[in-house]
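As structure tokens, the structure follows; a few thoughts come after it.
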Amino acid sequence: VGEVLSLGVKAGVDLKVLSGEDEAKYTFLAVRRWYGWSAGKLLCLDIGGGSLELAVGRDENPDMAFSVPLGAGRLTRTRFKKDPPRRSEVRETTDWLAEQLAPVARKLKRAGEPDRVVATSKTFRTLARLTGAAPSSAGPRARRVLTDAGLRQLIAFISRMSASDLAELEGVSPSRAHQNASGA
């Protein structure tokens, strides 16, 4: 971040770093514009390398927006010591994540059931692809779904695979393969 800001100063551009909450709000706005008002109440999820953004609402601006330091890259570095991760690491990380996300989940639950849940990151796209969703070549309007059951099955499968083996799967970016288990 410091290097980017320094380059901005040298170029005469006043660059600012978005807060995680602002990132969640802008992602929500983009999703709202994509789906329109008929989509009703939206819950937007975005996993990045360092953080997870969540936002919910009916309007153009979300009613609630959160950013938590639970990105796929961060979790890979801090929670998984082996490749593939040990079963105990996966189990402990799953339990730890449930604990970390509980306060945000309670607040989101109070907002009521969303009409549509939208996940926007490459991590979600890859996970959906690995559970049978349409490839990118099907175009941006192809319906892609990632279910809870599909994700649980996928975790059981990919958490036993090394990053190099995951990188061989169709729809997996070799540069991000090491993050797929933690993203899931």
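The values are calculated or read from the model by the stated rules, or taken from the named source; none is laboratory data. Treat the numbers as computed from the prediction; the structure is a model and nothing was measured. Note that each Cβ is placed from the backbone with ideal geometry, even for glycine, and that neighbours are counted across all protein chains shown. Note: areas computed on protein heavy atoms with side chains; ligands, DNA, RNA excluded. Shrake-Rupley method; radii C 1.70, N 1.55, O 1.52, S 1.80 Å.
A compact table of results
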| item | result |
| --- | --- |
| At q = 0.18 Å⁻¹, base-10 log of I(q)/I(0) for the stretch 75-184 (Debye sum, equal scatterers on each alpha carbon) | -0.99 |
| Dimensions in Å of the stretch 115-165 - Rg and Dmax from alpha carbons | 11.7, 38 |
| Lys, Arg +1 and Asp, Glu -1 on Cβ, resulting dipole of the chain about Cα centre, debye, nearest 20 | 320 debye |
| Inter-label distance for Asp14 and Asp59, nm, one decimal - labels placed 7 Å from Cα along Cα-to-Cβ | 2.7 nm |
| Taking all pairs of distinct alpha-carbon atoms in the stretch 79-120, Kirkwood radius in angstrom | 12.5 Å |
| Heavy-atom accessible surface of the chain: percent carbon and sulfur, 1.4 Å | 51 percent |
| Where the chain is the region considered: accessible area per residue in Å², 1.4 Å probe | 61 Å² |
| Two-site label geometry, Ser164 and Arg110: point separation in nm, points 7 Å out along Cα→Cβ | 5.0 nm |
| Compactness relative to 2.2 N^0.38 Å, alpha carbon Rg of the chain | 1.09 |
